[in-house]
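Each remark here refers to the structure printed beneath this line.
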Amino acid sequence: MTITQQIITVGMVVLGTALTRFLPFLIFPAGKPTPKYIQYLGKVLPAAVFGLLVVYCVRNVSIFSGSHGLPEFLAILAVIMLHLWKRQMLLSIAGGTVCYMLLVQFVF
């Protein structure tokens, strides 16, 4: 990349970041009520993304070979138990990841 291309790239990244940060405040000002569909999306999207993450993580697991999906099942169980106990999404995901890595590295 030439120096001009680098400057343009950095400028576009800065513009994109600024737009994604400031645009919601311009579209939905503090004095107006938030539209119902935005409130609905705020309620359903976190669970949908979490479900998509689970499906993505177990898509290539074969229950007929290797460890038969046992480390994945145990890690998912750890995520569920941590989430029911603490109700913190980040802790649940991190705990499940650590559990899976420990199982894969030291047990299976």
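The values are calculated or read from the model by the stated rules, or taken from the named source; none is laboratory data. This one's a predicted model, so the numbers in the text were calculated from it and none came from an experiment. Note: ideal-geometry Cβ built from the backbone for every residue, glycine included; neighbour counts use all protein chains shown. We work out accessible area using only protein heavy atoms, side chains counted, and drop any ligands, DNA or RNA first. Shrake-Rupley method; radii C 1.70, N 1.55, O 1.52, S 1.80 Å.
Surface composition of the chain: carbon and sulfur atoms hold 75% of the protein heavy-atom accessible area at a 1.4 Å probe. In this label model, GLN88 and SER67 are separated by 2.6 nm, measuring between points 7 Å along each Cα→Cβ vector. In a reduced charge model with +1 at each Lys and Arg Cβ and -1 at each Asp and Glu Cβ, the chain shows a dipole moment near 440 debye about its Cα centre.
Taking only protein heavy atoms and a 1.4 Å probe, what accessible area per residue, in Å², does the chain have with all protein chains in place? Kindly include the intermediate steps, with their values, before the conclusion.
Details: 9030 Å² over 108 residues.
With the other protein chains kept in place, the chain gives 84 Å² per residue.
Sites counted here are trypsin sites (Lys or Arg not before Pro) in a DSSP loop (not H, G, I, E or B) having no more than 12 other Cβ atoms within 10 Å; the longest part of the chain that contains none of them is 1-58. Shown for the chain are the DSSP H helices of 27 Å or more along their axis, judged by Cα atoms, with a mean Kyte-Doolittle hydropathy of at least 0.5: 3-27, 36-58.
Take PHE108, PHE64, PHE28, PHE73 and sort them by solvent-accessible surface of the protein heavy atoms, 1.4 Å probe, largest at the top. Present the calculation step by step, with values, prior to reporting the outcome.
Numbers: PHE108 100, PHE64 175, PHE28 70, PHE73 125 Å².
Greatest to least solvent exposure: PHE64, PHE73, PHE108, PHE28.
Calculate the all-directions average of the projected area of the chain's alpha-carbon convex hull, and give it in nm². If you can, show how the numbers build up before the last one.
Numbers: hull surface 48.0 nm².
With every direction weighted equally, the projected area is 12.0 nm².
Using a Gaussian network model of the chain in which every pair of alpha carbons under 10 angstrom is joined by a spring, one finds that among MET12, MET81, MET89 the greatest mean-square fluctuation is at MET12.
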